[in-house]
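Asks: Before I ask anything, let me first share the structure, which is written out below as structure tokens.
The values are calculated or read from the model by the stated rules, or taken from the named source; none is laboratory data. Everything numeric here is computed off the predicted structure, so don't read it as measured data. So basically every Cβ, Gly included, is an ideal-geometry build from the backbone, and we count neighbours across all protein chains shown.
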Amino acid sequence: MWPITNCVPSATSRRRFQFVSPLLYTDSLNQDIQAWIDRLRAGDTRALSRAISTVENRATGWTDLLKALFPHSGKGRVLGLTGAPGAGKSTLVDHLARHYRKQNRTVGIIAVDPTSPYTGGAILGDRIRMQEHFSDPGIYIRSMATRGSLGGLARTTADVATVLDASGRDIVMIETVGVGQDEVDIVRLADVTVVILVPGMGDDVQTIKAGIMEIADVFAINKSDHEGAERVEREIRALQSLATRPDGWTPPIVKTVASEGAGIAELAAAIGEYEGYLQKENLTFKKNVQNWGERLVEMLRDAMLEKAREHLGDGNVARMAAEVAEHKRDPYTLIEEIAGKIGKG
């Protein structure tokens, strides 16, 4: 398995890449930030928490921090666990974390919780459900609010995953918010995506047709001791018989009862089997390139949107919105003009 020294994988650890990247962007790095990074990589939990808060809140220096941490990332394995609300994702993540800790692997958990459309707050209940891990320095749990983002993740989830990866965590597990059938953003971030289904929710066939089914590298039928588990498995296999994936992989189906810890070892084995398949078929780098291609477009979109907001200001947006609402201007010409000004700027 992966040796651990001060929460930082050793040179003999299994790595996603077979080379060690030079430290980029650090020549002019503030000494305080460098000391902060050193503490983070040495396993200092407070330094890690501060780094995540800085990135999540886009506080001063967040980009410099990520630039300096990025060369240290790419060594951990990012697992995404997604599924409908009530599928038992938190309990499954909890038991998977225990399983990996028994193998002496460090774990970082990002649990994304929904944000209230009225108050903007979030319950962040996953910390309560996983509170027994708080005394274990090998497990770090971070709850994040979506803050209005769709697709099951918060806007900064990918950056927080980079911080956890760079801190030396062997496994980074991301539990999506559980928004339903369009929760597919996780596929752009995770090395392995586990789709969790449960029997008896009354919409098994509809779920099978949804896009979320197409992103699974592994299927987990949780609460498989309930009636209908066999039917869910048959529907998944029927779906698999109708189409093949571009990488030639057939996602395995694992039955679990997370509340009892049943099937956890089998699920971890299925995850490892897919990792082995990617390495055997030389698909790891290709998958990583594809994921980064999509993430770069998303990062560019966010950067351009932020630049547009700075350029316009809140007052101008309100004024232009009123003009469009009153049909004094058409929105299409307006957007072309704004985009043109930003491009020239």
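Asks: I'm trying to understand the selection: among the residues of segment 267-285, which are out of contact with any Phe, Trp or Tyr (no Cβ under 9 Å at 6 or more places or on another chain) and either in a loop (DSSP other than H, G, I, E, B) or within 16 Å of G74 (Cα to Cα) (or both)?
Replies: E275, Q279, N282
Listed here are the residues, each with its yes/no results for (1) within 25 Å of the chain's Cα centre (by Cα); (2) surrounded by 18 or more Cβ atoms within 10 Å (Cβ to Cβ); (3) more than 16 Å from D191 (Cα to Cα).
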{"residue": "L242", "(1), (2), (3)": "no, no, yes"}
{"residue": "T256", "(1), (2), (3)": "yes, yes, yes"}
{"residue": "A270", "(1), (2), (3)": "yes, yes, no"}
{"residue": "Y274", "(1), (2), (3)": "yes, yes, no"}
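Asks: Between residues in segment 217-244 that are in the same structural domain as H95 (by TED's automatic domain parsing) and part of a helix (DSSP H, G or I) and residues that are of a type outside the set (A, V, I, L, M) and buried (at least 16 other Cβ atoms within 10 Å of the Cβ), which pairs lie under 6 Å by C-beta distance while being six or more apart or on different chains?
Replies: Between residues of segment 217-244 that are in the same structural domain as H95 (by TED's automatic domain parsing) and part of a helix (DSSP H, G or I) and residues that are of a type outside the set (A, V, I, L, M) and buried (at least 16 other Cβ atoms within 10 Å of the Cβ), the close pairs are A229/P199; V232/P199; V232/D204; E235/D204; I236/F219.
Asks: Could you look through segment 306-345, keep only residues that are assigned to a helix (DSSP H, G or I) and of a type in the set (D, E), and pick out the one that is surrounded by the fewest Cβ atoms within 10 Å (Cβ to Cβ)?
Replies: Step by step, filter segment 306-345, then rank; the result is D314.
Asks: Give the residues of segment 40-59 that are of a type in the set (D, E, K, R) and surrounded by fewer than 17 Cβ atoms within 10 Å (Cβ to Cβ), sorted by residue number.
Replies: Residues satisfying the conditions are R46, R50, R58.
Asks: Looking only at segment 166-197, count how many residues are modelled with pLDDT of 90 or more, within 22 Å of V257 (Cα to Cα) and surrounded by fewer than 24 Cβ atoms within 10 Å (Cβ to Cβ).
Replies: Number of matching residues: 1.
Asks: Please determine whether any residue of segment 306-322 is under 32 Å from the mean Cα position of the chain (by Cα) and under 30 Å from F219 (Cα atoms).
Replies: No, segment 306-322 contains no residue that is under 32 Å from the mean Cα position of the chain (by Cα) and under 30 Å from F219 (Cα atoms).
Asks: Another question about this same structure. Of the residues T156, T119, T146, T115, only one is in the same structural domain as L189 (by TED's automatic domain parsing), at pLDDT below 95 and under 21 Å from K75 (Cα atoms); which?
Replies: T156
Asks: Any residue in segment 286-305 that is in a loop (DSSP other than H, G, I, E, B), exposed (fewer than 15 other Cβ atoms within 10 Å of the Cβ) and of a type in the set (D, E, K, R)?
Replies: So far as segment 286-305 goes, no, none of its residues is in a loop (DSSP other than H, G, I, E, B), exposed (fewer than 15 other Cβ atoms within 10 Å of the Cβ) and of a type in the set (D, E, K, R).
Asks: Does T106 fit the bill of being buried (at least 20 other Cβ atoms within 10 Å of the Cβ), at pLDDT 85 or above and touching a Cys at 6+ places or on another chain (Cβ under 7 Å)?
Replies: Judged against the criteria, T106 is a match.
Asks: Among the residues of segment 214-251, which ones are farther than 22 Å from F285 by Cβ, touching an Asp or Glu at 6+ places or on another chain (Cβ under 9 Å) and charged (D, E, K, R)?
Replies: Scanning segment 214-251 gives D225, R231, E235.
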